[in-house]
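**Q** Just passing along the structure, written as C-alpha cells.
Where a number appears in this text, it was derived from the coordinates with a stated rule and is not lab data. Since the model is a prediction, treat every value here as computed from it, not as a measurement. Here the Cβ positions follow ideal geometry from the backbone for every residue, glycine too, while neighbour counts run over all protein chains shown.
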Amino acid sequence: MPFEIMSNQIIFLGSGGSVIGSIEVVCGPMFSGKTEELIRRVRRAQIARQKIQIFKPSIDNRYHESDVVSHNSLSIEAIPVKTAIEILYRVFDSTRVVAIDEVQFFDSMILKVVAKLAKRGIRVICAGLDQDYKGMPFGPMAELLAIADSVDKVQAVCTLCGAQATKTCRISKELTDQVIVGEADIYEARCRSHFDYYDEEEDFFQHAFPFLERWQQDKISRMNQNP
C-alpha cells in the first residue's frame, strides 16, 4: 500500500490516491511530553486547515474541566466525554483528525472506536500512559499499541538520577487503585533502576524461599552423609 511520511505523520493512500485513516499512539510515563506532542500534531493539522476534534476523559480534570493541558501549560480546547462510545456520536462527518488525550482511562471499547474512526478515513492521534504504577499495561494500552499504525514511545527524566525514565512511580504505597488521577504530589518519573515497586520481587522471594530452604537442608544432609 503506498504511503507518504510528513513530519511524523503517516498518510496512507489507497488506489487512486484517496486518504485512508490511521491510528497514531504517543505513549510513555508521566512528565514525558505525551500531551505536548499530541498538541503539536494537532497544531500542525490546524495549520493545514484540517477539521479537528479533540477529546479527553472527563475524569481528567487536573488542570481544566474541558481543555487538554500539558504539564508545561500548553493547552487546547477539547470535549470531555465519560465513555469511549460517546466519541463516535460526537465526531462530525467533516472531521479529518481526531485527537484523544489520556486514552488509558477509557475501557476496551476505545479499541473499537479508534478502529471505526480510522476505517472512516480519519487520522486518529492518541496519547496516554503505556504502563501503570506497577509497570503493567495500563487499561487498553497494550492492545491499542498492537493495532496502531505508528507508535512513538517518549521518555521522561528520572527524578533520582537524571537518566531516561520509562516508568511512573506512585510515591504513596497506600494508594493501590490503578486509576488515581494525580500530579507530582503522587507520581514521579523513574528509570528502570529506580522504579520502586517491589511487590513483584517480594512475591518471587516468598515463593522461592521454601525451595531454597529445602535445597539448603538437602545440601547439609548430603555433606553429613559424605564427610
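**Q** To make sure I understand the rule: partners must be lysines, Cα under 23 Å from the Cα of Lys134, and not fewer than 8 residues away in the same chain. Which ones qualify?
**A** Straight-distance partners of Lys134: Lys34, Lys153, Lys167, Lys173.
**Q** A further question follows. Taking a point 7 angstrom from the Cα of Asp93 along the C-beta vector, which residues in the range 109-151 have backbone N less than 19 Å away?
**A** 116-123
**Q** In what order do Asp101, Asp93 fall by count of nearby beta-carbon atoms within 10 Å, going from fewest to most? Kindly include the intermediate steps, with their values, before the conclusion.
**A** Numbers: Asp101 26, Asp93 6.
The fewest-first ordering by Cβ neighbours comes to Asp93, Asp101.
**Q** Using the number of other C-beta atoms within 10 angstrom as an exposure proxy, rank Leu129, Leu88, Leu38 with the fewest first.
**A** So the ranking, lowest neighbour count to highest, is Leu88, Leu129, Leu38.
**Q** Please give the contour-minus-distance gain from Arg49 to Cys161: 0.36 nm per residue of separation, less the Cα-Cα distance, rounded to one decimal in nm.
**A** That works out to 36.0 nm of additional length.
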